1. Which pairs do you get when a residue that is over 22 Å from Tyr227 (Cβ atoms), found in segment 185-213, comes within reach of a residue that is of a type in the set (Val, Ile, Thr) and assigned to a helix (DSSP H, G or I), reach meaning Cβ atoms under 9 angstrom, with the pair 6+ apart or on two chains?
2. Criterion first (of a type outside the set (A, V, I, L, M, F, W, C) and surrounded by 14 or more Cβ atoms within 10 Å (Cβ to Cβ)) does His283 satisfy it?
3. What is the one condition in (1) assigned to a helix (DSSP H, G or I); (2) more than 16 Å from the ligand (Cβ to nearest atom) that Arg224 does not satisfy?
4. From the list Ala206, Ala210, Ala306, which residue is open to solvent by less than 60 Å² (accessible area, probe 1.4 Å), closer than 26 Å to Val318 by Cα, among the aliphatic types (A, V, I, L, M) and within 15 Å of the ligand (Cβ to nearest atom)?
5. Considering each residue of segment 77-109, count those that are over 23 Å from Ala141 (Cβ atoms), outside any helix (DSSP H, G or I), open to solvent by 20 Å² or more (accessible area, probe 1.4 Å) and in contact with a Ser or Thr (Cβ under 8 Å, 6 or more places away or on another chain), and give that number.
6. So which of Ser123, Ser156 is within 28 Å of Tyr253 (Cβ to Cβ), hydroxyl-bearing (Ser, Thr, Tyr) and either away from the ligand (no atom under 16 Å from the Cβ) or crowded, with 21+ Cβ neighbours inside 10 Å (or both)?
7. Please go through (1) within 21 Å of Ser156 (Cα to Cα); (2) surrounded by fewer than 19 Cβ atoms within 10 Å (Cβ to Cβ) for His72 and return the number of the only condition it doesn't satisfy.
8. What pairs come up if the first residue lies in segment 217-238 and is farther than 13 Å from Met166 by Cα, the second is open to solvent by less than 60 Å² (accessible area, probe 1.4 Å) and basic (Lys, Arg), and their beta carbons are under 8 Å apart, counting only those six or more places apart or on different chains?
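The values are calculated or read from the model by the stated rules, or taken from the named source; none is laboratory data. Computed from a predicted model, the values in this text were never measured in an experiment. Cβ atoms come from the backbone with ideal geometry, glycine included; neighbour counts cover every protein chain shown. Protein only, heavy atoms only, side chains kept; ligands, DNA and RNA dropped before computing areas. Shrake-Rupley method; radii C 1.70, N 1.55, O 1.52, S 1.80 Å.
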Amino acid sequence: MEIRPRINRWTHSRRNLVFGQSIAESLVQPHFVVSGKGVNEQIHGMPGINRQSSDVLIKQISDDLSIGITSHMIFGVLEDQHKDENGTSAADDQMPLQQTVRKLKEKFGDQIVVMTDSCLCTSTAHGHCGLIQDGVIVNDASVDMLVKISLSHANSGADYVCLSDMMDGRVRSVRRAFEEKGMRSTGVLSYSVKYASSFYGPFRDAASSAPTFGDRSSHQMDPRSDYKEAILEAEMDVREGSDILMIKPGLPYLDVLREVSSKVNRPVAVYNVSGEYSMVMEHATDVENRHKMVVEILGSFKRAGADIIVSYHTREAVGRGWV
Ligand code: PBG
């Protein structure tokens with residue numbers, strides 16, 4: 001089946017919420033959802049960012065909307081009892097992420113954009129972003145599972161399903177599955193250029209997704225690699241039908257962001273990741289100091305060509321009117 005880019009997905013009014021010209025309009029707030037009720041636990045190393053049960057998160061997003069934050073990225077955190085070798089729970093419609101997305105879309109409709117993280121690392125017992133056979137990640141079986149997870153997110157009403165795994169060919173498979181099931185308005189945001197970075201530490205704690213053995217260097221990119229690989233990865237995702245391309249992390253790869261955004265004709269997102277956030281929060285404990293740093297950092301993403309900025313600083317930056 002031919003995969004056509006659908007310009008409609010970019011221009012549909014609700015999408016415009018995330019393609020802002022200003023920094024404030026470009027920001028996306030990440031969230032971590034857990035099971036239970038009334039849960040609101042602080043994440044080590046990430047002050048201001050909590051793991052929340054669905055009820056608390058929905059209230060949070062409602063408060064965010066009242067101060068003008070319309071775009072949200074949701075990561076589902078699963079308990080050990082829901083993890084297995086194949087990560088099957090991540091595709092279960094009854095898990096906290098899917099339940100939350102359904103409720104959010106019922107309550108807020110097109111007032112907000114909901115992006116969901118589709119990966120295997122939070123649902124596999126081994127914590128890898130793919131399925132393991134004989135000690136190595138197997139690409140194609142992992143893609144089959146990622147399709148199931150992504151379909152379940154789309155079914156719940158996600159506006160964008162975000163593929164953060166870096167398996168080869170997953171964009172094409174997910175896009176094709178969406179088209180076949182008639183989910184033509186669900187967008188695909190692919191992490192196209194994602195490095196095997198040492199800046200993801202606090203996130204892995206937050207999402208309980210650290211690998212129990214080995215690392216992610218078989219599929220994430222080598223931080224020392226040159227622009228050619230970045231451009232190749234980005235162009236492949238465009239051909240496979242991705243609507244938005246993500247560069248990750250942010251600050252150490254501003255040059256890559258500039259290069260990709262100027263060469264590829266798609267909206268480009270950048271992820272200002274957990275380790276970058278922790279550095280600022282640990283250093284700048286006083287608000288005035290932090291204000292200047294955050295404005296400087298977010299401005300650098302915009303200058304380097306980001307259309308969308310995923311950042312844990314979003315709530316404070318918008319809430320205090322810094323951007
Ligand atoms: C995993 C995923 C990671 C992040 C987002 N999705 C971690 C990883 O690749 O190990 C990191 C985000 C952050 O550090 O804030 N699929």
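1. Val188/Val171; Val188/Val174
2. The answer is no for His283.
3. Among (1) assigned to a helix (DSSP H, G or I); (2) more than 16 Å from the ligand (Cβ to nearest atom), Arg224 violates only (1).
4. Sole residue among the options that is open to solvent by less than 60 Å² (accessible area, probe 1.4 Å), closer than 26 Å to Val318 by Cα, among the aliphatic types (A, V, I, L, M) and within 15 Å of the ligand (Cβ to nearest atom): Ala206.
5. Within segment 77-109, residues that are over 23 Å from Ala141 (Cβ atoms), outside any helix (DSSP H, G or I), open to solvent by 20 Å² or more (accessible area, probe 1.4 Å) and in contact with a Ser or Thr (Cβ under 8 Å, 6 or more places away or on another chain) number 1.
6. Answer to the check: Ser123.
7. Tallying (1) within 21 Å of Ser156 (Cα to Cα); (2) surrounded by fewer than 19 Cβ atoms within 10 Å (Cβ to Cβ), His72 fails exactly one: (2).
8. Val238/Arg266
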